[in-house]
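Heads up, the thing below is written out as structure tokens.
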Amino acid sequence: MELYLVFLRIGAVNFGGGYAMLPLLQRDLAEDRGWTNTDELMDYFAIGQCTPGIIALNVSTFIGNKKAGTIGGIIATLGFLTAPIAVILLIAAFMTNFADLPVVQNAFAGIRVCVFVLILQAVLRLWKKSVVDLRTLILYLLVFVLTTFSRSLPIAVPAAVLVILSGAIGIALGGKKTEAKAASEKKEKGEQA
């Protein structure tokens, strides 16, 4: 029941999508509850980005699954979906009647600004955890250029392909780092002997 209620609350305040939700999840699930940690949460976001569906929903499913297995994944997913579905149905019922009102348009303008700030905050947190050395900076710049100028390239590179290639590059670079670290440790042990 706790799993459902936690994700019901998170789903109810999930304005702006997955990245806007990152600070809330980090504070609530990693820092306060200890259900995950920041690195694992970043991994869930990366996987959620390259799997079908909404990032925030995918992350909820992953965390629910970690906490209580398959049933936990289902419960967290249902909890996350309950409030947004209710709100969307309510808005859909009244939106056509009120969408042109200045107060509604102004409210949406204010919400967009808030969502932008939440996403920017998530990006800055991801940056600090992800771009940690020259190799990851180069990978970041490469992906940034490919996504920014994708429309002007002869062939557009889909986001899923970029995620998969970045993962493969991360594995390759991680293997080289591990080998270099092992060689350095072996050298230190040799000097100590």
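Just so you know, all these numbers are worked out from the coordinates, no wet-lab data involved. Worth saying up front: this structure is predicted, and the values here are computed from it rather than measured. Glycine gets a Cβ as well: all are built from the backbone with ideal geometry, and neighbour counts include every protein chain shown.
Some points to look at:
- If you plug the beta carbon distance of A12 and R151 into 1/(1 + (r/R0)^6) with R0 = 30 Å, you get a FRET efficiency near 0.25.
- Semi-axis lengths, Å, the range 1-145, gyration tensor of Cα atoms, sqrt of 5 times eigenvalues: 28, 23, 12
- From most to least packed by mean Cβ count within 10 Å, the peptides 46-58, 89-101 give 46-58, 89-101.
- Three-way shape call for the range 46-107 based on the alpha-carbon gyration tensor, with the a/c threshold at 1.5: prolate
- Cα centre as origin, Lys/Arg/Asp/Glu Cβ charges: the range 1-125 dipole, Debye: 80 debye
- Rounded to the nearest 0.05, the FRET efficiency derived from the C-beta distance between M95 and I169 at R0 = 35 Å is 0.20.
- Positive-end extreme of charge dipole, the chain - chosen from A168, L101, A76 (charges on Cβ): A168
- Inter-label distance for R33 and Q105, nm, one decimal - labels placed 7 Å from Cα along Cα-to-Cβ: 4.0 nm
- Dividing the helix sum by the residues of the chain, where each DSSP H run of 4 or more adds -39500 (n - 2.57), gives a mean residue ellipticity at 222 nm of -28000 deg cm²/dmol.
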